[in-house]
Structure formats: C-alpha cells, structure tokens
Amino acid sequence: MKTPINPVNPRLTSACQQAEASCCKTGLLFLPDDEHKTIVSWLTDNSPSELDEFESRCVKHDGFYLYDQKDCCQFLTETNLCRLHSEGVKPSECFWWPVQIYGTEPENLEFRVATRCCTACENIDANSSLLDDITKRVSELGADVFCRFRKVYLGNSGKRFLRKL
C-alpha cells in the first residue's frame, strides 16, 4: 500500500538527513501483513538476493511483523536515503516518523512524537495533517492490530504526547 505524501514530509525528510537517518539504524519496525507482503513481492521482482536477509530480520505476530533494523535498515543507502521510498513500498511507520501510535486498548490509542533522534519533532503538533493521514491508515488496518503491536513492543522513551487517536 503506497502511503500518500503529506505536505510536512519534506521538512521531516530534511531533519532526518541532518541526523543521518539515525532512526533507521536501531529498533524494531512495525510492518502490517500487507506491507510485509508488498516488500517481499518487490524484493522477489527487483532484488531477490536480499529476500533472505529481509525475512531473517522479520518476526511474525498476529496481523503484523516486527522488522529488526539491527545496526542499520538493509534498505538504507550509503547516503542515508531509503531505497524503498522511490519504489512506493516504504513502510507506513517510516513515512509517519517521528509520529508513533501508543496504547494497548483501542479506546486509549494516542499519537506520540519521538523527541530524541532528530529535530523532526519540531514540525509536528497536535493539529498536524500528518495525524489525519495516519488515522486513515489505522482505520484501514484496525486499531486492534496496533494494540497487539504495542503489547509485543513497547518502544522506547523520549516520546511527547500529541493527542488521542
């Protein structure tokens, strides 16, 4: 599923580049089943030699995968650009960064913004149109998959509350 480009994305991209894509070099990435399938299909058609590496980094859960970025996402170039971005298969969570969804019950889901990796958080507030884009995708996937995700992976500190979902 291709994520639409929100007007705030260029500012986020700039902040990311200034921080040398530090968020792409650590942590676990949320991949809904459909996004995992899309990346597998893209790899099969375009770079089959990378498929085993991708699958070895993914752990299947109920309705989603967790992709281990290890020391660096395998799709990050030497110049800290995402190779999946221009192909239209970049994961939603990457497009949403630095916004993340937290909560383990559908009625308590909330938006938080990461404050520790780069200055991108300065471009996001509770009224950001990016949150509307994320809300649409959450609705498509179902809030329950995000709750299951947060029960498995709590994330890390350095998040500022924005608003309820």
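The values are calculated or read from the model by the stated rules, or taken from the named source; none is laboratory data. Just so you know, these numbers come straight off a predicted model, no measurement behind them. Here the Cβ is made from the backbone with ideal geometry for all residues, glycine too, and neighbour counts use every protein chain on show. In case anyone asks, the SASA skips ligands and DNA or RNA and just uses the protein heavy atoms, side chains included. Shrake-Rupley method; radii C 1.70, N 1.55, O 1.52, S 1.80 Å.
Evaluate the following for PHE95: is it at pLDDT 85 or above and under 24 Å from HIS36 (Cα atoms)?
Spelling it out, it is not the case that PHE95 is at pLDDT 85 or above and under 24 Å from HIS36 (Cα atoms).
Among the candidates SER14, SER49, SER22, SER86, which residue alone is modelled with pLDDT of 95 or more and among the hydroxyl-bearing types (Ser, Thr, Tyr)?
Unique residue meeting the criteria: SER49.
Being surrounded by fewer than 17 Cβ atoms within 10 Å (Cβ to Cβ) and in contact (Cβ under 8 Å) with a residue 40 or more places away in the chain is the filter here, so list the residues in the stretch 128-139 that pass it.
Answer for the stretch 128-139, where residues must be surrounded by fewer than 17 Cβ atoms within 10 Å (Cβ to Cβ) and in contact (Cβ under 8 Å) with a residue 40 or more places away in the chain: just SER129.
Within the stretch 72-93, count every residue that is crowded, with 20+ Cβ neighbours inside 10 Å and in a helix (DSSP H, G or I).
The number of residues fulfilling the criteria is 2.
Taking the conditions exactly as written (part of a strand (DSSP E or B), modelled with pLDDT of 80 or more and open to solvent by 10 Å² or more (accessible area, probe 1.4 Å)), does ARG112 satisfy them or not?
Yes; evaluated as a whole, the condition is true for this residue.
Is there a residue in the stretch 57-65 that is part of a helix (DSSP H, G or I), open to solvent by 50 Å² or more (accessible area, probe 1.4 Å) and in contact with an Asp or Glu (Cβ under 9 Å, 6 or more places away or on another chain)?
No - not one qualifying residue is present in the stretch 57-65.
Taking the residues in the stretch 94-103 that are farther than 18 Å from SER139 by Cβ and assigned to a loop (DSSP other than H, G, I, E, B) as candidates, determine which candidate is nearest to the chain's Cα centre (by Cα).
Checking each candidate, the answer is TRP97.
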